[in-house]
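Heads up: the structure comes next, in structure tokens.
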Amino acid sequence: MKKLLYISFIVLTTVLFVQCSEDDNDNIIDPEATCEDGIQNGDETGIDCGGSCDNSCEDDPEGIDFSGVFIQEDQVGRPAISRVFVTEGLRDDYNTTIPSEMTAAFQADMLNNLMLLNPDFDGTVEEPLGNGLGQNSVEFTTFLSRDVLWVAQSGPATFYDGNQILTGRKLGDDVMDFHLLLLFGGPDFENPLFNGTGEDPLLISDGVDANDKPFLTSFPYVAPPF
């Protein structure tokens, strides 16, 4: 009897060890797929249908239909780019243009608006300015014109944290302040222009330092609107 209990204990311990090893997923959130979670996952061929689910996607009018021609309506790789730098009558066109064609179509318009916002952006030949990324007005608006969000494959993902620049974006990143810093702050991030000291107006911040509601700690992470 003791021998049987001992063998059973070893088998149970081994199963638990294997189970823990399989569950160790480098802290990646990997929720179990179900047929009632409202998304297409697991072996489903539609939203909560097909595969191992009881209902067929052919009987589900809400199943995903990829037929037809899709039209791009909007894009927000870097928020506020079209609002600040693109002339109002061109914004809808900008939001429906694929990134590879944006520079040819909108860089000149962005450059014109940049110089209206900050005529001294480039400084002078004797004292060139530009921004903290080392860009002059043409380089800056060329950079802005392609509305894409780069994500680094290693290291922290952030819009700007004082060290890393444009390696991704976290919900808490102050995207607007960083854009204003690039627009008005001059070439030195450590000693920016228009920082509100002395006679300089404060142009490098919108005065909003945090979301008005805390972000969620689980998906979808964004705070509810009310």
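Report note on the peptides 197-207, 96-106: ranked by the mean count of other C-beta atoms within 10 Å, highest first, their order is 96-106, 197-207.
The slack between ASN55 and ASP209, meaning 0.36 nm per residue of separation minus the straight C-alpha distance, is 50.6 nm. Projected onto its three principal axes, the C-alpha set of the range 81-184 covers 39, 35, 21 Å, listed from the longest axis down. Extension gain, MET176-GLU199: 0.36 nm per intervening residue step, less the Cα-Cα distance, totals 6.0 nm. Residue separation of ALA223 and ALA104 scaled by 0.36 nm, minus their Cα-Cα distance, works out to 39.1 nm of gained length. Per-residue packing, averaged as other Cβ atoms within 10 Å, sorts the ranges 141-147, 119-125, 162-168 into the order 141-147, 162-168, 119-125, beginning with the highest. Work out from phi, with θ = phi - 60° and the Karplus expression 6.51 cos²θ - 1.76 cosθ + 1.60, the ³J(HN,Hα) of each residue of the range 175-188, listed in order in whole Hz, and give x for Gly and Pro. After applying 6.51 cos²θ - 1.76 cosθ + 1.60, I find 5, 5, 4, 5, 5, 5, 5, 5, 7, 10, x, x, x, 10 Hz.
Each value in this text was obtained by applying a stated rule to the coordinates, not by laboratory testing. Remember, it's a predicted structure, so these values are computed and weren't measured experimentally. Ideal geometry is used to build each Cβ from the backbone, glycine not excepted, and the neighbour counts take in all protein chains shown.
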